[in-house]
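To keep things clear, I will list the structure first and then write my remarks on it.
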C-alpha cells in the first residue's frame, strides 16, 4: 500500500473514532459528515447541548479508549433503503436521508461496536491501528439546511500520523498550513472571491468567482503554454472527445501525415466547460474539472531517444522556475524505463524506477506540509513500430496555482512575484 493511501486511511478512521467519541460523550449530538482532508481529519456536528472547545481533551480521552479497545471495523455493502433504516435505528437521520437520495445501487456503512456511519473510501481494519492523533480545534462552519430548517454546524479538527514522532512534526505543519490555505491566500491576493454552501451530500463546497486578476493569471499561463509549445514546433490544435491521444492520432490520419519521415507533434489546451463548485477541504488541488494541457509526439524508434530528452527538459521548466521540490517516478519495460531514466539524467533529480507494462514518468511535487502531488508527466507507448509520447506541462493548472499559493516560506508579495515568472 502506498504511504499516501495509508495516511488517508488513518485519517478517515480517526474521523470515525472522533464521531463515535462525541456521540458517547453526548448522545443527543447529531453527527453530520467527516473524513480526511489533505492535511488533517475532521467531523461536522450539530450540537443540541452546549459544547465548548475546552471539552476537546475529554473527547480525545474517549477516542483513546476506543483505540485501546481495538475494535474490528466492519464495512457493510447495503442497498440504500436497508442502509437508511439501519442508520435511523442508530440515530443517524442525516446520513439516512442522504443515502435515500443518493441514487446509488449500493452504499457502504461502517460499524465498530455500537457505532455506525455511512462512509466513502477505505479504512483501517481496527480502531487499534491508529497509533498517534491529536485534536486541534473546533470551529463554526457553514450551516446545514435540512427539511427547510437551518442548523448550526460545528467542526472538530485533528491530525493523525503513523507514529508519535510523525505526529509531533505534523502538528507544527498543520498550524503553519492554517495561515497559507490556498483559498484564503488566493482571495487575499485578489485572484478570486468565494462563498461556501453545504450541499445535499452534507459536504461543504466553495463557489469560486475569478476576478480580472485571476482571469489575467489564466491568460498568462495559457500564453506561456502557447509560446513554449510553438517554440518546440508543436502544432496547436482543437479536437473533440475526452481521449486526446485518439483524437490526435485521428487528426494525423485525416491529415494524411506520417511520422516515419519526421516526428508529428500536436498540442492541445483544454478548459472545463464551466467553473464548478469545489470541495472546501481539497480546494483546487484535485484534477477533476480543471484546465489541462496534453501534447503528443508520434515518432519512430530512431527519433525516440532525442524526443524523450527534449520533452523532459520542457517538462522540468516550470517546477524548476517555481522552486518546487520534485523527484521522478519511472516505470515501464526494461528498455523503455532505461530510455526514460537516461532522458532525464541531465535534470539532476532523484529517481524511483520500477517495472510496468507501459512507460511512464511522473514529476512528484513535495510541498511544505508533507504532501505529494503529481505534476508534469510523460508516457511512452509503442504500436506497429510507431511510438507515441503523451505528456502534460501542468497536469492541472489549478493545482499549480494552489501549490504556489501555499508556499509556506513566501509572503504575499513573493507569491505575486512567482506568478509573474510564468510569462517571463
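Scan segment 340-358 for residues that are buried (at least 16 other Cβ atoms within 10 Å of the Cβ) and over 17 Å from residue 380 (Cα atoms) and the total you get is 2.
Reported count of residues in segment 42-64, each being under 17 Å from residue 124 (Cα atoms) and exposed (fewer than 13 other Cβ atoms within 10 Å of the Cβ), is 0.
Every condition in (1) within 20 Å of the chain's Cα centre (by Cα); (2) under 27 Å from residue 405 (Cβ atoms); (3) crowded, with 18+ Cβ neighbours inside 10 Å is met by residue 119 except one, and the failing one is (2). Can you find even one residue in segment 148-163 that is assigned by TED's automatic domain parsing to the domain that holds residue 130, assigned to a loop (DSSP other than H, G, I, E, B) and either free of Cβ contacts under 8 Å to residues at least 24 places away in the same chain or more than 30 Å from residue 59 (Cβ to Cβ) (or both)? Checking segment 148-163: at least one residue is assigned by TED's automatic domain parsing to the domain that holds residue 130, assigned to a loop (DSSP other than H, G, I, E, B) and either free of Cβ contacts under 8 Å to residues at least 24 places away in the same chain or more than 30 Å from residue 59 (Cβ to Cβ) (or both). If you go through segment 245-278 and keep only what is modelled with pLDDT under 95, assigned to a strand (DSSP E or B) and crowded, with 17+ Cβ neighbours inside 10 Å, you end up with just 278. Residue 360 meets the stated requirement of being assigned to a strand (DSSP E or B) and either within 29 Å of residue 223 (Cα to Cα) or modelled with pLDDT of 95 or more (or both). Scanning segment 279-307 for residues that are assigned to a helix (DSSP H, G or I) and in contact (Cβ under 8 Å) with a residue 40 or more places away in the chain turns up 301, 303, 304, 307. Inside segment 365-385, residues that are assigned to a strand (DSSP E or B) and buried (at least 17 other Cβ atoms within 10 Å of the Cβ) make up a count of 8. Quick one: in segment 308-322, of everything that is buried (at least 20 other Cβ atoms within 10 Å of the Cβ), part of a helix (DSSP H, G or I) and modelled with pLDDT of 95 or more, which residue is nearest to the chain's Cα centre (by Cα)? Checking each candidate, the answer is 315.
When every residue of segment 196-206 is checked against the conditions, none turns out to be out of contact with any strand residue (DSSP E or B) (no Cβ under 6 Å at 6 or more places or on another chain), over 30 Å from residue 93 (Cβ atoms) and exposed (fewer than 14 other Cβ atoms within 10 Å of the Cβ). Residues in segment 105-130 that are in a strand (DSSP E or B) and in contact with a strand residue (DSSP E or B) (Cβ under 7 Å, 6 or more places away or on another chain): 107, 108, 109, 110, 111, 112, 116, 117, 118, 119, 126.
With respect to residue 39, is the statement that it is modelled with pLDDT under 95, touching a helix residue (DSSP H, G or I) at 6+ places or on another chain (Cβ under 7 Å) and surrounded by 13 or more Cβ atoms within 10 Å (Cβ to Cβ) true? So residue 39 fits the description; yes. Taken together, the residues in segment 168-203 that are part of a helix (DSSP H, G or I) and farther than 22 Å from residue 136 by Cβ amount to 3.
Taking each residue of segment 219-233 that is more than 16 Å from residue 316 (Cα to Cα) and assigned by TED's automatic domain parsing to the domain that holds residue 317 and looking for partners that are modelled with pLDDT under 95 and loosely packed, with under 14 Cβ neighbours inside 10 Å with beta-carbon atoms closer than 8 Å, six or more apart or interchain, yields 220/423; 223/423.
Right, residue 213: part of a strand (DSSP E or B) and more than 30 Å from residue 44 (Cα to Cα) or not? No; evaluated as a whole, the condition is false for this residue. Looking at segment 186-193, is at least one residue farther than 24 Å from residue 219 by Cα and surrounded by 12 or more Cβ atoms within 10 Å (Cβ to Cβ)? Checked against the condition, which is being farther than 24 Å from residue 219 by Cα and surrounded by 12 or more Cβ atoms within 10 Å (Cβ to Cβ), segment 186-193 yields no hits at all. Scanning segment 103-116 for residues that are farther than 16 Å from residue 18 by Cα and surrounded by 14 or more Cβ atoms within 10 Å (Cβ to Cβ) turns up 107, 108, 109. For segment 228-244, filtered to residues that are out of contact with any helix residue (DSSP H, G or I) (no Cβ under 8 Å at 6 or more places or on another chain) and within 21 Å of residue 398 (Cβ to Cβ), the residue that is surrounded by the most Cβ atoms within 10 Å (Cβ to Cβ) is 244. For segment 324-331, the count of residues that are in a helix (DSSP H, G or I) and either assigned by TED's automatic domain parsing to the domain that holds residue 33 or modelled with pLDDT under 95 (or both) is zero.
The values are calculated or read from the model by the stated rules, or taken from the named source; none is laboratory data. Please read all numbers here as calculations on a predicted model, not as lab measurements. Because the Cβ atoms are built from the backbone with ideal geometry, glycine has one as well, and the counts that use them run over all protein chains shown.
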